[in-house]
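Okay, structure first, notes after.
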Amino acid sequence: MTELPLIARARTYADAVAIRSASGERTYNALLERSATLAAALLADDSDLKEARVAFLLPGGYDYLTVQWAIWRAGGVAVPLSLSATEPELEYALADSASHCVVTARDLAGNVDSLCERLGIQHLLIDDVPDKPTASDVPTGDLPFVGPNRRAMILYTSGTTAKPKGVVSTHATIQAQTEALVEAWAWQATDCIPLFLPLHHIHGIINVVSCALWSGATIEPLGRFDIETVLQRVAADAYTVFMAVPTIYVKLIQALEALPEEKRAPFVAGFGKMRLMVSGSAALPASVHETWTELTGQQLLERYGMTEIGMALSNPYDGARLPGTVGHPLPGVQLRLKFEQGQLVISYGEPGEIQVCGPAVFAE
């Protein structure tokens, strides 16, 4: 049976560590086995979810990843929900996406119990799914074939101008976004990255999780950003790649500058040893970029993307990174600027609408 490339690649990493946390390590084989069992539970009496929407509310980590993979392997469309969403926001996402099932852990069940009952949506607790499939489950070898053009995920926009809109990505779209970043940022199986970004946005899902797992790297989920935990792990040389939003870099600068030089040294050294540090999801002030370089020797790599297109532009991995800019088109991305009247912008310093095309652009 032909598998999704992400799953096929995971098999080649087998016993490598995919997830490292305070509770222990999980290998790529563990992700494959658990996601197959969960996929069988989602399928129940069906042979293929046929793009049925499956929402899930879970913190970043092993359970989140196995559920995401399970939905995809069962032929469903993954709808990740925000852990900080209010009940009306959750209800909107569930109703708008026409989700037929919500997957949660028992400690989060109260967030969606009443909603599922009111909307007539199935509620699956991962705690109730045994580690190994039971005799009544779909055999994990009988999971459906899922082609690249199938819908894979619905992410909701921020809703700054109206109600949030559900952005639909296919498996091919997600793969194109991932491969472009893996190539541009030289991801390696020896990489390790902390994960504290929310996983209902493309930044965490694609730039961190998808790139790391595509490459055979290790993810260290930390829940929410905790500066003391992060600094101690940085001082221990735990990470080779680091991705954050500008506000986190501001907090790190404030924390480092508040320390005497001798206490600051191990943290500065840890940051300085990383091969890549990225800032995104908001504009990085040039002053923050410059201060970070002065403190750690690291030039932050700034990039630009959207829910609808993944990442489109990036400063170079090798070469100078100019503060206040977001670089050039990523591999496979075509981009142009146009005036409101429709003419192409061809000179520097002129504002224009960004138009993007390529295999990473969303389906609908």
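Would you kindly state how much longer the chain becomes between PHE145 and GLU262 on full extension, computed as 0.36 nm times their sequence separation minus their alpha carbon distance, in nm to one decimal?
Difference between extended and current length: 36.4 nm.
Which angle from 0 to 90°, rounded to the nearest 10, does the C-alpha axis of helix 246-257 make with the longest principal axis of the chain?
It is inclined by approximately 60 degrees.
Go ahead and estimate [θ] at 222 nm for the chain from helices alone: -39,500 (n - 2.57) per DSSP H run with n ≥ 4, summed, over the residue count, rounded to 500.
Mean residue ellipticity at 222 nm (helix-derived): -10000 deg cm²/dmol.
Give, rounded to the nearest 20 debye, the magnitude of the charge dipole that region 225-332 has about its Cα centre when Lys and Arg contribute +1 at Cβ and Asp and Glu contribute -1 at Cβ.
Dipole size: approximately 160 debye.
Would you be so kind as to identify which of GLY272, ALA30, THR229 lies farthest towards the positive end of the dipole of the chain, taking Lys and Arg as +1 and Asp and Glu as -1 on Cβ and the Cα centre as origin?
GLY272
On C-alpha positions alone, give me the angle between the axis of helix 261-273 and the longest principal axis of the chain, in degrees, nearest 10.
With rounding to tens, the tilt is 60 degrees.
Determine the gain in length on full extension of the stretch THR229-ALA14; use 0.36 nm per residue of separation and subtract their C-alpha separation, reporting nm with one decimal.
Residue separation times 0.36 nm, minus the Cα-Cα distance, leaves 74.5 nm.
Let me make sure I get this right: for region 225-332, a, b and c are the square roots of the gyration tensor eigenvalues over alpha carbons, sorted descending. Under 1.5 in a/c it's rounded, otherwise prolate if a/b > b/c, else oblate. Which is it?
Judged from the Cα gyration tensor, region 225-332 comes out prolate (a/c at least 1.5, a/b above b/c).
Considering only DSSP beta bridges with both partners in region 225-332, what is the antiparallel share in %, to the nearest 5?
So the antiparallel bridges in region 225-332 amount to around 50 percent.
Out of all DSSP beta bridges with both ends in the chain, state the antiparallel percent to the nearest 5.
Percent antiparallel among DSSP bridges in the chain is about 45.
How high is the relative contact order of the chain, in percent, counting Cα pairs under 8 Å that sit 6 or more residues apart?
Normalised by residue count, the contact order of the chain is 14 percent.
Going highest first, how would you order 23-35, 159-171 by mean Cβ packing within 10 Å?
23-35, 159-171
Can you tell me the dipole magnitude for region 5-170 around its Cα centre, using point charges on the Cβ only (Lys, Arg +1; Asp, Glu -1), in Debye to the nearest 20?
660
Could you size up the charge dipole of the chain around its Cα centre, putting +1 on the beta carbon of Lys and Arg and -1 on that of Asp and Glu, and report it in debye to the nearest 20?
Roughly 500 debye for the chain.
For the chain, modelled as a GNM with alpha-carbon contacts under 10 angstrom, which of GLU340, GLU51, GLU87 fluctuates the most?
Evaluated over the chain, the most mobile residue of the options is GLU340.
Report the local net charge at GLN298: Lys and Arg +1, Asp and Glu -1, summed over other residues whose C-beta lies under 11 Å from its C-beta.
Residues close to GLN298 contribute a combined charge of +2.
Restricting the count to DSSP beta bridges whose residues both fall in region 51-180, what percent are antiparallel, rounded to a multiple of 5?
Antiparallel bridges make up about 30 percent of those DSSP assigns within region 51-180.
Values in this text are rule-based calculations from the coordinates and carry no lab data. Worth saying up front: this structure is predicted, and the values here are computed from it rather than measured. For neighbour counting, all protein chains shown are included, and Cβ atoms are generated from backbone atoms with ideal geometry for every residue, glycine included.
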